[in-house]
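The values are calculated or read from the model by the stated rules, or taken from the named source; none is laboratory data. In this text the structure is predicted, and so the values were computed from the model without any measurement. Glycine gets a Cβ as well: all are built from the backbone with ideal geometry, and neighbour counts include every protein chain shown.
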Amino acid sequence: MSQESWPAVAAVIPTHNRPELVRRAIDAVCGQDYPGEIHVVVVFDRSEPDRSLERRSAGRRVEVIGNTRNPGLCGARNSGILATDAEFVAFCDDDDEWLPGKLRAQVAALAARPEAEFAATSIVVDYDGRSSVRLAGRDEVTHADLLRSRMAMLHSSTFLAKRAALTCDIGLLDEDIPGGMREDWEILLRASRRHPIVHVDRPLVRVLWGSTSYFDDRWHMKIAAHEWMLRRHPDIAASPIGVGRVYGQMAFYHAALRRRRDAVRWAAKALRANPREPRAALAVAVAARVLSAQAVLRQLHKRGHGI
């Protein structure tokens, strides 16, 4: 691709009361070795926009706006999508960091697949001073892959999509999801139903896990979000491994809330779907107070995994 042919990209960064982290995220986006223009849209959600973040330089522009839609992550991202006319839109959470080469590699990968609309990369997870690389082992991800597994390495901070697809055929993020949870998996399912996700299998985004996550320990909302996903995407049930995973997660969340009967019920459903589902055993152990939910999560996070 010649320098003139690299399309403009908007990077949407939702933020809420994390001034130091969001500045780091902005700097990492603006510092990309990308020949085309980058329009950074920082969307302040339920907080006063900080106009001091705005700046402009050759090929780079940082704009600050408020969330004009429903409060929360999905509304903030949609506000950013609608505030730009760039050909491509990318996401970055305010506590994550794009690594060198991320944007150039993704745009080139999409250019090589003209029919494709959505791309992702792999990640490196930072947790408690440890780093873990999560790779997918493939250069495209299908709808069947995403029914079987959430594929956590396809993190929302790696997403790049054609704006026209997000505003029309794929659609914006669904603002009805409880707490905005699982919004990344939800839009991947919609996007992959149309075309496979183009994947750059290199760790090109650093994802920070731990105390900065607004979703940490919100068990009730996680339960509601999973129930919503099962209703919104009934084809999840077509994959025994995939639906067993969701049931196992539900069992774990109920166990964390000390709802032993519900935990055992969901664990049984998980094992009926997939007798090898490991989350069922973890849920029962947590429900029986043999293990604590937090101890399980800490061990998983150290390896770059979640429940």
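Data table
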| quantity | calculated |
| --- | --- |
| Among (1) touching a Leu at 6+ places or on another chain (Cβ under 9 Å); (2) surrounded by fewer than 20 Cβ atoms within 10 Å (Cβ to Cβ); (3) touching a residue at least 24 places away in the same chain (Cβ under 8 Å) - the single one Thr68 does not satisfy | (3) |
| Filtered residues of region 154-178 (kept if within 15 Å of the chain's Cα centre (by Cα), part of a loop (DSSP other than H, G, I, E, B) and of a type in the set (A, V, I, L, M, F, W, C)) | Leu154, Phe159, Leu172, Leu173, Ile177 |
| Answer residue from region 286-299, given it is surrounded by 15 or more Cβ atoms within 10 Å (Cβ to Cβ) and within 18 Å of Ser132 (Cβ to Cβ) and is modelled with the highest pLDDT among those | Val296 |
| Single residue of region 32-49 satisfying the filter (surrounded by 15 or more Cβ atoms within 10 Å (Cβ to Cβ) and over 23 Å from the mean Cα position of the chain (by Cα)) that is farthest from Ala83 (Cα to Cα) | Pro35 |
| Number of positions in region 100-150 that are hydrophobic (A, V, I, L, M, F, W, C), touching a strand residue (DSSP E or B) at 6+ places or on another chain (Cβ under 6 Å) and in a loop (DSSP other than H, G, I, E, B) | 3 |
| Residue check, Thr15 at pLDDT 95 or above, farther than 26 Å from Val198 by Cβ and buried (at least 17 other Cβ atoms within 10 Å of the Cβ) | yes |
| Single match in Ala263, Ala283, Ala268 (criterion: surrounded by fewer than 19 Cβ atoms within 10 Å (Cβ to Cβ), more than 17 Å from the chain's Cα centre (by Cα) and either β-branched (Val, Ile, Thr) or in a helix (DSSP H, G or I) (or both)) | Ala268 |
| Among (1) touching a Pro at 6+ places or on another chain (Cβ under 7 Å); (2) buried (at least 18 other Cβ atoms within 10 Å of the Cβ); (3) among the hydroxyl-bearing types (Ser, Thr, Tyr), the one test that Thr142 misses | (2) |
| Identity of the residue in region 209-240, of a type in the set (D, E, K, R), more than 15 Å from the chain's Cα centre (by Cα) and part of a loop (DSSP other than H, G, I, E, B), that ends up modelled with the lowest pLDDT | Asp217 |
| Tally of residues being in contact with a Lys or Arg (Cβ under 7 Å, 6 or more places away or on another chain) and either within 14 Å of Pro7 (Cβ to Cβ) or among the aromatic types (Phe, Trp, Tyr) (or both) across region 106-121 | 1 |
| Residues of region 63-99 that turn out to be among the aliphatic types (A, V, I, L, M), closer than 19 Å to Leu208 by Cα and in a strand (DSSP E or B), as a count | 1 |
| Filter pass, Met151 being free of Cβ contacts under 8 Å to residues at least 40 places away in the same chain, assigned by TED's automatic domain parsing to the domain that holds Leu21 and either within 23 Å of Lys269 (Cβ to Cβ) or surrounded by 14 or more Cβ atoms within 10 Å (Cβ to Cβ) (or both) | yes |
| Failed item, numbered, when Ser5 is tested on (1) modelled with pLDDT under 95; (2) farther than 26 Å from Glu117 by Cβ | (2) |
| Pairs where the first residue, in region 271-290, is within 19 Å of Arg258 (Cα to Cα) and the second is part of a loop (DSSP other than H, G, I, E, B), C-beta under 8 Å, 6+ apart | Arg279/Ile307; Leu282/Leu291; Leu282/Ile307; Ala285/Leu291; Val286/Ser292; Ala287/Arg258; Ala287/Arg259 |
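One line per residue, one yes/no per condition, for (1) over 28 Å from Leu21 (Cβ atoms); (2) buried (at least 21 other Cβ atoms within 10 Å of the Cβ):
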{"residue": "Gly80", "(1), (2)": "no, yes"}
{"residue": "Ala83", "(1), (2)": "no, no"}
{"residue": "Phe91", "(1), (2)": "no, yes"}
{"residue": "Gly101", "(1), (2)": "no, no"}
{"residue": "Ala105", "(1), (2)": "no, no"}
{"residue": "Ala109", "(1), (2)": "no, no"}
{"residue": "Ala112", "(1), (2)": "yes, no"}
{"residue": "Phe159", "(1), (2)": "no, yes"}
{"residue": "Asp169", "(1), (2)": "yes, no"}
